Amino acid sequence: MKTNWIFFLIIMLFSNSCTTQEKDLNNLSYAENYKDLFKDKKIMTEQYDIAAKLPLAYTYETKGFKFGTVNIPENAEDQIAMNSVGTFLNNVKERKIVGVKISIEGKENCKKALDYLQSQYGNPKVLKQLPNKNKEGWLVGNSAYSWDLKSVNRSIIVSQTFDLNFVESNKGKKYSQNESIIIFVIDNNIKSDAQGYTELTTKELLIKTFSS
C-alpha cells in the first residue's frame with residue numbers, strides 16, 4: 001500500500017511539472033520577471049522595438065509557450081527562425097514587463113491565432129483591410145486589427161502580412177502564398193521614453209502605425 005502511494009505521488013509530481021512548463025502568454029502576470037519567463041531559453045534584447053518603441057526581450061526558442069489555446073509554432077532547424085515570443089519592458093533600467101510580442105509564421109498557424117482571438121474577444125476593430133489580390137491572384141500586403149480589453153486595461157493589436165514564397169528551378173519560379181502575424185498585447189497606459197515618441201501611448205502609436 002505504501003509503495004502504491006509513493007508511486008502515485010511521483011506520477012502527480014511529474015504531471016504537475018509537465019503542466020507548469022507550458023506558459024500562456026495571454027494570461028501572463030506583468031509582475032513576473034522576464035528572465036524567469038525565459039528561463040533556460042536563449043534571450044535576445046532590443047533597446048527599442050521598431051514598432052512599439054519599447055525595450056524588448058525575446059527568444060526564438062518557442063517550445064512550451066502558448067497564447068490561450070494556441071501553441072506557438074517551433075522553428076525548424078534547417079530554416080530561418082521566424083516564430084518568436086517576447087516581452088516589452090517599461091524602460092532599460094527597471095525592466096518591468098508591460099506587454100507581449102508574438103510572431104507567428106504560416107497560414108494555418110495564423111488562422112488558429114486569429115480564430116482564437118475572435119472567439120475570445122469578439123470581432124475586432126479593423127485598422128487596415130485585407131489587401132486586394134494582384135493580377136496573378138496572390139495577396140501581397142498588410143492588414144491589421146485591434147481589440148480593447150478594458151477589463152484588464154490592455155489592448156491587442158495584430159499586424160498581418162501576406163507575401164509570396166518561391167522556388168526557382170529550370171522550369172522557372174513556383175510561387176506559394178505565405179502569411180505571418182505579429183500579436184502585440186500592451187498595457188493601455190504605457191508610453192515610450194524614446195526621443196520623438198513620448199506624446200502617444202504605445203497603444204495609440206501601434207494603432208497609428210498599422211492603420212496607415
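Structural remarks
- Over the C-alpha atoms of the range 29-76, the Rg to Rh ratio, Rh being the Kirkwood estimate, stands at 0.98.
- Extent along principal axes [Cα atoms of the range 56-117; Å; largest to smallest]: 38, 30, 17
- Largest mean-square fluctuation among G86, G122, G172, in a Gaussian network model of the chain whose springs join Cα atoms under 10 Å apart, belongs to G172.
- Translational D in µm²/s for the range 93-173 (Stokes-Einstein at 37 °C, 0.692 mPa s, Kirkwood Rh from C-alpha pairs): 214
- Per residue, the range 63-212 exposes an accessible area of 59 Å² to a 1.4 Å probe, with every protein chain left in place.
- Between I50, I157, I72, the Cα set farthest toward the positive side of the dipole of the chain (charges on each charged residue's Cβ, about the Cα centre) is that of I157.
- For the chain, the relative contact order works out to 16 percent when only alpha carbon pairs closer than 8 Å and six or more residues apart are counted.
- Kirkwood hydrodynamic radius (C-alpha pairs) into Stokes-Einstein, the chain, 10 °C and 1.306 mPa s, D in µm²/s: 84
- Heavy-atom accessible surface of the chain: percent carbon and sulfur, 1.4 Å: 51
- Entries in K63/K93; K96/K208; K35/K96 that, when Cα-Cα distance is taken, lie over 18 Å: K63/K93; K96/K208
The values are calculated or read from the model by the stated rules, or taken from the named source; none is laboratory data. Note that the structure is a prediction, hence the values are computed from the model and not measured. Glycine also receives a Cβ, built like all others from the backbone with ideal geometry; neighbour counts cover every protein chain displayed. Calculation scope for accessible area: heavy atoms of the full protein, side chains included, ligands and nucleic acids excluded. Shrake-Rupley method; radii C 1.70, N 1.55, O 1.52, S 1.80 Å.
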